[in-house]
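For reference, the structure is listed below as structure tokens.
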Amino acid sequence: MKKSTIWSIIVVAALALGGAGVFFYSSQQKQSQKQMANSSYSSHMQAGKEAVKAKKYSQAADEFDQAYQAKATAQAKNYQAQAENLADSIKLAKTTVKYASALNLAQKAQEQNGGYSVMTSQAKKLVKQLKAVKDNYDSEIKPLLNKAAKAMEDGDYGSAVSTYSSILDLPYINGAYYAKVRSNVKDLLKEAKSKQEDSSSSESSSSSSSSDSSSSKASSSSSSSSSAASSSSNQAEGSGTSNNDKVGGSTVTSRDVQQIRTQLDKLGESTAGWSPQDLINLFNYAYQQGHTTIDSITKDDVEGYLKSGK
């Protein structure tokens, strides 16, 4: 056998062995990767199931998604969808009053094709709970909220306060799925109480003002009668004072009268026994002396007026 032929045989044999080695290595590597994927898949699926038992549906959905990334199976995908619907349903029910939407998601989880039996059972219970919650909201809570809102519009804040309080007294209101209702009603109750207090203060002030006005009118009437008699007497004595509420052509108001009284107090003059008409007459006297504003009235004006025959 020629030497060249022998070398050719050796080369072919070496290549064959090398190829076999590469194939074997590649096969082993693929097998190892498959085993790792299977292990990761099983691990995440089990973790997802444990999360479901603890009713941690968002965590479960994440675990099932990671399982699907490791090994794309219909089971992992179905479990993930079922867990996500449960998580979204509960979140809606606890943070909003969209009970119809929450119920719809729970029903989807219950009817999930290829779903996890434990989640299906949990979804069935949730559907029952949310139906009761929705019924309570639609038939009892919502009508009371509408009644209170109407009372607020009508300014009947006392009725609104009572109605909002009755909602917070409902036997089931402290349940987990009424959290948003409680929060909303507490805010509305606070607003109603605030408006009720403002309204009461306003009515009290109005009543007081009305009472003061009536007393002032009675006092003014009495004082006017007394002043009229005094004025008549003074006129008979030639004092020149008269029963008139005008000074310099302008009407002296009750507020002006009070300011005149205050000015006299500043001057150290006691106003005890001075009727409103007396004070107007004093201002008229001061006006004739050139003191045309209330704060320009002087002690000389007072003394001059008194000497003229108050």
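Couple of notes before you dig in:
- Residue within segment 275-296 that is in a helix (DSSP H, G or I), modelled with pLDDT under 90, among the charged types (D, E, K, R) and surrounded by 11 or more Cβ atoms within 10 Å (Cβ to Cβ) present: yes
- Test for Q46: is it farther than 30 Å from K134 by Cα, at pLDDT 75 or above and out of contact with any Phe, Trp or Tyr (no Cβ under 9 Å at 6 or more places or on another chain): yes
- Candidates are the residues of segment 45-81 that are over 35 Å from the mean Cα position of the chain (by Cα) and assigned to a loop (DSSP other than H, G, I, E, B); the one that is surrounded by the most Cβ atoms within 10 Å (Cβ to Cβ) is K71.
- Which listed residue is part of a helix (DSSP H, G or I), farther than 17 Å from R182 by Cβ, open to solvent by 40 Å² or more (accessible area, probe 1.4 Å) and touching a Ser or Thr at 6+ places or on another chain (Cβ under 8 Å), from K147, K131: K147
Residues are listed down the side, and each one gets a yes or a no for (1) at pLDDT below 95; (2) touching a His at 6+ places or on another chain (Cβ under 9 Å); (3) closer than 30 Å to V185 by Cβ:
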| position | (1), (2), (3) |
| --- | --- |
| K34 | yes, no, no |
| E63 | no, yes, no |
| N78 | no, no, no |
| N85 | no, no, yes |
| I90 | no, no, yes |
| K94 | no, no, yes |
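- Checking the stated criteria, K94 turns out to be part of a helix (DSSP H, G or I), out of contact with any strand residue (DSSP E or B) (no Cβ under 8 Å at 6 or more places or on another chain) and within 29 Å of D65 (Cβ to Cβ).
- Any hit, segment 100-120, residues being crowded, with 19+ Cβ neighbours inside 10 Å, within 20 Å of the chain's Cα centre (by Cα) and polar (S, T, N, Q): no
- Number of residues in segment 252-274 that are open to solvent by 70 Å² or more (accessible area, probe 1.4 Å), more than 14 Å from D300 (Cα to Cα) and not in a loop (DSSP other than H, G, I, E, B): the value is 5.
- Selection status of M119, at pLDDT below 95 and either in a helix (DSSP H, G or I) or not basic (K, R) (or both): no
The values are calculated or read from the model by the stated rules, or taken from the named source; none is laboratory data. Bear in mind that the values here come from a model prediction, so they are computed numbers and not experimental data. Glycine gets a Cβ as well: all are built from the backbone with ideal geometry, and neighbour counts include every protein chain shown. When the accessible area is computed, the model is the full protein with side chains, heavy atoms only, and any ligands, DNA or RNA have been set aside. Shrake-Rupley method; radii C 1.70, N 1.55, O 1.52, S 1.80 Å.
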